[in-house]
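See below for the structure under consideration.
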Amino acid sequence: MSTNKLQLYKGMKYAAIALLFIIAAPVLITIGFKALKDDIYSWLIAGCILAILGIGLGFKGLQCIVGAFFDTNK
């Protein structure tokens, strides 16, 4: 029962990208709410999309990491 290092690296990569998205999303959402008084919705929409992508990539990364540790491919 060894660790699949390639799959672990892939999961860590997904988790790192998700972390960047999760950090950037609240910033963009805050900017978007401040820009609502000028009827500019693009910042808010971009922040929401990044938040959803961050959550999805986080789950995908955790799935890859757990799969690497427990070797679910066999």
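Nearest 0.05, what FRET efficiency do Gln63 and Ile31 give at R0 = 35 Å with Cβ-Cβ as r?
0.65
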Residue farthest toward the positive end of the dipole of the chain, with Cβ of Lys/Arg at +1 and Asp/Glu at -1: which of Gly56, Ala16, Ala46? Ala16
Dimensionless Rg/Rh of segment 5-67 - Kirkwood Rh, Rg from C-alpha atoms: 1.18
Which of Ala35, Ala51, Ala24 fluctuates most in a GNM of the chain (C-alpha springs under 10 Å)? That residue is Ala35
Using a 7 Å offset from the Cα along the Cα-to-Cβ direction at both Ala16 and Tyr41, what is the distance between the two label points in nm, to one decimal? 3.6
At 0.36 nm per residue, and after removing the present C-alpha to C-alpha distance, how many nm does the segment from Leu8 to Asp71 gain when stretched out fully? 21.7 nm
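Bear in mind these aren't lab numbers, they're just calculated from the coordinates by the rules spelled out. Everything numeric in this text was worked out from a predicted model, so none of it was measured. So basically every Cβ, Gly included, is an ideal-geometry build from the backbone, and we count neighbours across all protein chains shown.
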